[in-house]
Amino acid sequence: MDDKLKGYLFVTIAIFFIALSAVAIKIVQQNNGPETSSFFWTLSSLLTCSVLLFVRKEQKKVIPALKHSGRIILPIGILVGIGMLCWFHSINLIGPSLSSFLGRIGTIVLVFLSILFLKEKFNIFEAVGTIIALGGVLLITFSPIEYLGWKITYIAIGSTCYGISQLISKKYIQMLPLVPFTFLTTFISTLMLFANSIITSKLKSVSLSSLPIILIVPFLSEVIAVLLIYSSYRYLGVGKVQIIRSSFPFVVVVYSFLFYNEVPLPHQLIGGTLIVLGVMMLIGFRRIKKGVGLIFNSS
């Protein structure tokens, strides 16, 4: 199979797995709170990742990877843990579809951070993309039809944490073995979520009806999808993958209709579309280098 075709296949499968997790989390939280659900969800990911580690016979790479890159792996694991907890809270408050659309604003935050701390510059196309995306956020958040207001706080924090963790991962991904890296970051996230649930006294036994979902879906969305995304970077380049990945909220909308017979309100769907289009522009034109007239990275 052609490398680029393989990359497109990997990222497409990953999108459907990631989108499935959003609607599955809503089902799990009907009987369990965000703290319990997020901990057992991540614990399930850790267990399945452990199995994958041994199947691939890469368990001996774990300790060397930790010693060599612990300073990279630790913050990624913590950021992913925070992002996971916020993601569960957001789905609990505003549902999977809106959480998925609004979660794209983490990309905008990262661009502004790169401008502030890395002294990067905006071009006109990035500015237009940002304005379009922010217009979508405002339309969803402050519409008099259904005012969300403070309810987007969780998804804003969570998407920013996820985005920063991805930024660090992309920088060092070539020097880290994928499965041991995923195992270590998931292990740290699980410890963090366990500590949070104990400190807040919100850890309880997970309901039996939720167990099949918790055992199957996290393996697909948090382990297999992550490995597919990181693998697709090597075939398509980060820019292309992130643009394609930005379309996953539309898959969540389809899943929500199939599972709950729910669809966003017209203004929410329009706002979500504006967010995705704006973020796609922002990512695409940010890949342009001096003297290169292409939107996408050619790698």
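Going through W41, W87 one at a time, which residue ends up being under 17 Å from C161 (Cα atoms) and under 20 Å from the mean Cα position of the chain (by Cα)?
Numbers: W41 fails: under 17 Å from C161 (Cα atoms).
Going through W41, W87 in turn, just one is under 17 Å from C161 (Cα atoms) and under 20 Å from the mean Cα position of the chain (by Cα): W87.
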Scan the stretch 203-232 for residues that are among the hydroxyl-bearing types (S, T, Y) and within 15 Å of T190 (Cα to Cα) and jot them down. none
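Residue check: is L20 more than 17 Å from the chain's Cα centre (by Cα) and aliphatic (A, V, I, L, M)? Write out each step before concluding.
Numbers: more than 17 Å from the chain's Cα centre (by Cα): no; aliphatic (A, V, I, L, M): yes.
In short, no.
Scan the stretch 1-24 for residues that are of a type in the set (A, V, I, L, M) and part of a helix (DSSP H, G or I) and jot them down. Talk me through it step by step, then tell me what you get.
As a first pass, look at the stretch 1-24 and keep what is of a type in the set (A, V, I, L, M): 1, 5, 9, 11, 13-15, 18-20, 22-24.
Hits for the stretch 1-24 are L5, L9, V11, I13, A14, I15, I18, A19, L20, A22, V23, A24.
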Among the candidates I13, I25, residue that is in contact with a helix residue (DSSP H, G or I) (Cβ under 7 Å, 6 or more places away or on another chain), surrounded by fewer than 24 Cβ atoms within 10 Å (Cβ to Cβ) and modelled with pLDDT of 90 or more: I13
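Give L269, L258, L277, L265 a once-over and let me know the one that is modelled with pLDDT of 90 or more, out of contact with any helix residue (DSSP H, G or I) (no Cβ under 8 Å at 6 or more places or on another chain) and surrounded by fewer than 21 Cβ atoms within 10 Å (Cβ to Cβ).
Details: L269 fails: out of contact with any helix residue (DSSP H, G or I) (no Cβ under 8 Å at 6 or more places or on another chain); L277 fails: out of contact with any helix residue (DSSP H, G or I) (no Cβ under 8 Å at 6 or more places or on another chain); L265 fails: modelled with pLDDT of 90 or more.
Testing whether each residue is modelled with pLDDT of 90 or more, out of contact with any helix residue (DSSP H, G or I) (no Cβ under 8 Å at 6 or more places or on another chain) and surrounded by fewer than 21 Cβ atoms within 10 Å (Cβ to Cβ) leaves just L258.
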Go through the stretch 200-222 and give me each residue that's part of a loop (DSSP other than H, G, I, E, B) and of a type in the set (S, T, Y). T200, S201, S205, S207
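Hand me the list of helices (runs of 4 or more DSSP H) wholly inside the stretch 34-129 holding 3 or more residues that are modelled with pLDDT of 90 or more and within 13 Å of T182 (Cα to Cα). First the steps, then the outcome.
Values: elements: 34-55, 62-94, 96-102, 105-118.
The qualifying helices (runs of 4 or more DSSP H) are 34-55, 62-94.
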Return yes or no: is F250 free of Cβ contacts under 8 Å to residues at least 40 places away in the same chain, of a type outside the set (G, A, S) and either more than 19 Å from L178 (Cα to Cα) or assigned to a helix (DSSP H, G or I) (or both)? yes
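The values are calculated or read from the model by the stated rules, or taken from the named source; none is laboratory data. Keep in mind it's a predicted model, so treat the numbers as computed, not measured. Cβ: placed from backbone, ideal geometry, glycine included. Neighbour counts: every protein chain shown.
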